[in-house]
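What follows is a single structure, written as structure tokens, with notes after it.
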Amino acid sequence: MIELEKTYLAKSFPEGLENARSMEIIDIYIPKEERHPTLRIRKLGEKFEITKKYPATEGDSSEQHEHTINLSAREFEALSKIEGKKARKIRYYFEWNGKTAEIDVFKDALEGLVLVDFEFESAEEKQKFRMPDFCLAEVTQEEFIAGGMLCGKSYKDIEKEISKFNYRKLFLK
């Protein structure tokens, strides 16, 4: 399956976000030694999966091959013992202009980072999409913001790259 998406840095939290459905996500990218691992073990609320994700076209991160297998809690537990790069976030599913924004509020070492993803049904829909006013900048093609690159890092580790967008840390009250 090919996933079509755009990723943005959040400028602010959209009004009503606190009423949106949300869940905790724990991502573990393996192997830990890889600079940019493409294999991810994920706990998504009470669901567990393993996903291999890589660009469909070199140099374009907005189109990704994605292969996902559901796991049982026991399988996730066993695989999560493999040393990997980890990150924890709360994902909010926010309806905006007929689309669902997946708003990821990072926790722990990446606290203050908020990313917004939109997925699309076609390349044309993706191309026509305009950034919402609660977003600061599109970062789809920025390698440092990819999941496999973020996991295992702190906000301080990405501060230099993120500062070129004039990003300011965001915190939910």
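What the table below lists for this structure:
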item	result
Among Leu44, Ile162, His65 - extreme Cα towards positive end, dipole of region 2-163, charges at beta-carbon	Leu44
Estimated inter-spin distance, Asp117 and Glu3, nm [label 7 Å along Cα→Cβ]	0.4 nm
Order by protection proxy (mean Cβ within 10 Å, highest first), peptides 48-57, 22-31	22-31, 48-57
Between region 40-85 and region 114-139, the alpha-carbon center distance in angstrom	22 Å
Helix-only CD estimate at 222 nm, as mean residue ellipticity for the chain, using -39500 (n - 2.57) per DSSP H run (n ≥ 4)	-3500 deg cm²/dmol
Relative contact order of the chain, pairs being alpha-carbon contacts under 8 Å that are 6 or more residues apart, as %	30 percent
Whole-Hz ³J(HN,Hα) from phi, Karplus 6.51 cos²θ - 1.76 cosθ + 1.60, for region 53-61, glycine and proline x	9, 8, x, 6, 10, 4, x, 10, 7
Net lengthening on full extension, Glu63/Ala109 (0.36 nm per residue, minus Cα-Cα)	13.7 nm
D_trans [Stokes-Einstein, Kirkwood Rh over alpha-carbon pairs] for region 1-61, 10 °C, 1.306 mPa s, µm² s⁻¹	110 µm²/s
Space enclosed by the convex hull of the alpha-carbon atoms of the chain, per residue, Å³	121 Å³
Within-15-Å neighbourhood charge of Tyr54 [Cβ basis; K, R +1; D, E -1]	-4
Volume per residue that the Cα convex hull of region 99-166 spans, once the total is divided by residue count, Å³	103 Å³
Cα radius of gyration and Dmax for region 90-135 (Å)	12.1, 37
Compactness relative to 2.2 N^0.38 Å, alpha carbon Rg of region 45-145	1.22
Förster radius 22 Å - calculated FRET efficiency between Leu79 and Ala137, Cβ distance, rounded to 0.05	0.05
Cα gyration tensor, region 47-104 - rounded (a/c under 1.5), prolate or oblate	oblate
Proximal lysines relative to Lys11, as straight alpha-carbon distance under 19 Å, when same-chain residues fewer than 8 apart are discounted	Lys89, Lys99, Lys107, Lys156, Lys160, Lys164, Lys169, Lys173
In range of the label at Ala56: residues from region 117-145 whose backbone nitrogen is under 12 Å from the point 7 Å along Cα→Cβ	120-127
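Where a number appears in this text, it was derived from the coordinates with a stated rule and is not lab data. Computed from a predicted model, the values in this text were never measured in an experiment. Every residue, glycine as well, gets a Cβ built from its backbone with ideal geometry; the counts of neighbours run over all protein chains shown.
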